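Have a look at the structure below before the remarks.
The values are calculated or read from the model by the stated rules, or taken from the named source; none is laboratory data. Note that the structure is predicted; figures quoted are calculated from it, not measured. Glycine gets a Cβ as well: all are built from the backbone with ideal geometry, and neighbour counts include every protein chain shown. These area figures cover heavy atoms from the full protein model, side chains too; ligands, DNA and RNA do not enter into them. Shrake-Rupley method; radii C 1.70, N 1.55, O 1.52, S 1.80 Å.
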Amino acid sequence: EHSSEIIGLGDKLGDYETFFTWTQRMGLTPSFENTLNDAFEKGRVLVIINPNKNFSNEEIEPILNYVKAGNSLLLLVDAKGTGSKLMQSFGLDSYIIDQPSKDKINDSQENHELPIDPWGLAIKGGKRLVSIGDRVIFAEKTYGMGKFLLFTDSNVFKNGFAGDPGYIGYSNSDPKKMNDLGYNLTSVYNLEYKVFDEALSSN
């Protein structure tokens with residue numbers, strides 16, 4: 001009820017269909033639930049992608065209790081940063097690192113493995129897990145017996161190639177055959193693996 005369209009309905013492909021499918025290749029069993037309450041009952045990792053509305057206090061309280069009991073919440077957001085109230089409830093926040101002018105960008109600022117810039121939405125607080133330059137894009141915060149994980153460049157996991165519209169390819173894509181993208185598709189899949197590995201690991 002809060003995420004953007006993760007999986008498709010009928011003939012329409014969801015924005016994060018490949019991301020959803022690849023969790024199964026990690027030996028996980030994902031399910032798509034229509035409400036938070038249904039999701040709480042299904043597993044120990046709750047994933048919310050690109051919230052389409054902010055969370056009310058009445059919704060945040062059971063989420064906090066879910067994590068406190070030993071589960072993980074993985075929140076993936078884009079540059080809009082919707083969900084800031086939920087982030088702040090766990091003691092994290094986000095801010096924008098501005099893109100420098102073209103004449104100030106050098107090769108050391110570019111990441112050729114992952115299609116993620118060192119500027120954009122960054123994370124403040126928590127334990128940093130992945131950084132691109134000075135920009136923290138993945139961090140965690142222990143809460144009770146569980147953990148809250150925040151990822152601030154969700155578009156990297158959206159279907160598509162080279163930003164059209166995303167970077168993770170499609171469910172039948174073979175990363176070993178994709179050599180002309182300007183980034184390493186295997187690194188994108190490895191990043192997804194790291195995200196879920198952290199979400200499932202013990203505190």
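May I ask for the Rg/Rh ratio of the chain, computed from Cα atoms with Rh as the Kirkwood radius, given to two decimals?
That ratio is 0.95, to two decimals.
Hey, what's region 34-187 come to in accessible area per residue, 1.4 Å probe, Å²?
Heavy-atom SASA per residue in region 34-187 reads 51 Å².
With Cβ to Cβ distances under 12 Å as the rule, what net charge do the other residues near LEU150 carry (K, R +1; D, E -1)?
Around LEU150, the surrounding residues sum to +1.
Can you give the log10 of the normalised intensity I(q)/I(0) at q = 0.17, 0.34 Å⁻¹, computed with Debye over equal Cα scatterers of region 47-87?
At q = 0.17, 0.34 Å⁻¹ the computed log10 ratios are -0.44, -1.25.
Cβ neighbours within 10 Å, averaged per peptide: list 186-192, 44-50 in order, most packed at the top.
44-50, 186-192
Can you send over the carbon and sulfur percentage of the accessible area for region 69-197, probe radius 1.4 Å, protein chains only?
45
Placing one identical point scatterer on every Cα of region 4-59 and ignoring solvent, what is log10 I(q)/I(0) from the Debye formula at q = 0.20, 0.22 Å⁻¹?
Each listed q corresponds, in turn, to -0.86, -1.01.
Tally Lys and Arg at +1 and Asp and Glu at -1 over the other residues with C-beta under 14 Å from the C-beta of GLY169: what net charge comes out?
Computed value for this residue: -2.
Which whole-number value in Å³ per residue fits the convex hull of the alpha carbons of region 111-203?
95
For region 1-108, what is the per residue volume of the convex hull drawn over the alpha-carbon atoms, in cubic angstrom?
170
Mind counting lysine pairs for me in region 53-203? Cα separation below 17 Å, and the two need to be 8 or more apart along the chain or on different chains.
Within region 53-203, the lysine pair count is 17.
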